[in-house]
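Computed from the coordinates by the stated procedures, all read-outs in this text should not be read as laboratory data. Everything quoted here is computed from the prediction, not taken from an experiment. Cβ coordinates were reconstructed from backbone atoms using ideal geometry, including for glycine residues, and neighbour counts include every protein chain displayed.
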Ligand code: SF4
């Protein structure tokens, strides 16, 4: 969706995003206090990403909770398109929310690895280019703690035999004019990318229950199409839990991008690289220490504060204390950044240990865990 000063599609998000406007333009609902309170009751708590408003909008989330309460259940679906670079910390944010939902509600989770998407979108030059990153991406995702018997991680190129028939049924219902309007396809778009949304819709048909997709609001267009088609295939319309887009390190209008290393903390960055990147990150600090002491900083535009609030400060009270210490000039950026460096490096060290551990059991997620086995025998029956 292209508007004055910003552009949000599944392939590109840039500019200063007006989320209130996006709620109206995309026709989604705001994640209200009563709905959050209901999740809190049913899940026995609220993840910081929800209670701090990073997830801010939804489609049909109250119906998901109705289904859960009535015993019909629901399932989760998300994915990661491998690229020619490792994953960074912004990539794992939706997976952390998905894992929390899986644990809180005990539901099945499907994770698609569309290993053709970046090639079709002309972001890489060959299919081989992404190959070295696919296994690492899968390990990084599994290491976040998904239930090995309730999670199915699959590569499109491997699972296509099961997906092709339902994708054809989906594709038949999508006209080019609709796809063009939803995704902004033009005459340069490869015909592969035009078919690709059909494949991305298939996992929403895996179970005859309501799918819930936690994702960035930029991914919403895919699932708007799904919602038009699902009733014709006797399946539930997809519900969505939609997040804002995580900031890159170069400012609130930037996006973490693996191709611009200064914007992103990669999951395999060594400690000294993390330090360098955070020390150079865009902050809401003032030009001099004297000014900062006198006027205070501006945490609202600070990428360092943004990352504390997303992943690196779980305690709401401590986050608030940091906010006010910054605002009142008691906290200086050097100290604030140094602490974030410590926390990120601690997180990455732990995460990379978990990656090593998960290597031994990754086949559970892909082939021989309970859900994976079921899915290798799955047939779509509308
Ligand atoms: Fe950002 Fe911390 Fe500096 Fe405040 S003190 S502007 S939160 S880096």
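Points to keep in mind about this one:
- The Stokes-Einstein estimate for the range 328-372, based on a Kirkwood radius over Cα pairs and taken at 4 °C with 1.567 mPa s viscosity, is a diffusion coefficient of 97 µm²/s.
- Note on the range 96-187: along the principal axes its Cα atoms extend 43, 31, 26 Å, ordered by decreasing extent.
- Reduced Cα scattering model of the range 147-215, Debye log10 I(q)/I(0), q = 0.13 Å⁻¹: -0.45
- For the range 180-250, the gyration tensor built on C-alpha atoms gives an oblate shape. Its axis ratio a/c (a ≥ b ≥ c) is at least 1.5, and a/b is not larger than b/c.
- Full extension of the chain between residue 232 and residue 273 gives 9.7 nm of extra length, using 0.36 nm per residue less the Cα-Cα distance.
- At R0 = 25 Å, FRET efficiency that the Cβ-Cβ distance of residue 332 and residue 353 yields, to 0.05: 0.15
- Ranked by the mean number of other Cβ atoms within 10 Å of their residues, highest first, the peptides 299-307, 368-376, 195-203 come out as 195-203, 299-307, 368-376.
- Remark: the range 282-338 is approximated by an ellipsoid whose semi-axes, taken from the C-alpha gyration tensor as √(5λ), come to 19, 11, 9 Å, largest first.
- For the range 233-382, the Kirkwood estimate of hydrodynamic radius, built from reciprocal distances between every pair of different alpha carbons, is 18.3 Å.
- Of the two radii for the range 186-310, the radius of gyration is 1.15 times the Kirkwood radius, both from the alpha carbons; that is the Rg over Rh value.
- Potential lengthening between residue 19 and residue 295 on full extension [0.36 nm per residue; Cα-Cα distance subtracted]: 96.5 nm
- Spatial separation of Cα centroids for the range 142-168 and the range 243-267, in angstrom: 28 Å
- Among 39-47, 56-64, the order from most to least packed when residues are scored by Cβ within 10 Å on average: 56-64, 39-47
- To the nearest ten degrees, helix 220-229 and the longest principal axis of the Cα atoms of the chain are 20 degrees apart.
- Fewest neighbouring Cβ atoms within 10 Å first, the residues 323, 164 line up as 164, 323.
- Estimated at 0.36 nm per residue, the fully extended path between residue 32 and residue 103 surpasses their Cα-Cα distance by 23.3 nm.
- Mean Cα-pair separation over length for the chain, i.e. relative contact order, pairs under 8 Å, 6 or more apart, %: 20 percent
- Estimated from the Cβ-Cβ distance and a Förster radius of 25 angstrom, the FRET efficiency linking residue 259 and residue 186 is about 0.65.
- Peptide ranges 131-138, 88-95, 232-239, 182-189 listed from the most packed, as the mean C-beta count within 10 angstrom indicates: 88-95, 232-239, 131-138, 182-189
- With the cut-off at under 17 Å, measuring from each backbone N in the range 354-382 to a point 7 Å along the Cα-to-Cβ line of residue 165 picks out 374-382.
- The chain: angle of helix 333-359 to the longest principal axis, Cα-based, in degrees nearest 10: 30 degrees
- Taking the longest Cα principal axis of the chain as reference, the axis of helix 89-105 is set at about 60 degrees.
- Shape call, the range 64-220: gyration tensor on alpha carbons, a/c limit 1.5: oblate
- The chain: mean projected area of Cα convex hull, nm²: 18.9 nm²
- Calculated on C-alpha atoms, the gyration radius of the range 45-145 divided by its Kirkwood radius gives an Rg/Rh of 1.04.
- Relative contact order %, the range 217-265, counting alpha carbon pairs below 8 Å whose residues are six or more apart: 24 percent
- With the convex hull of the Cα atoms taken as the outline of the range 255-304, the averaged projected area works out to 4.1 nm².
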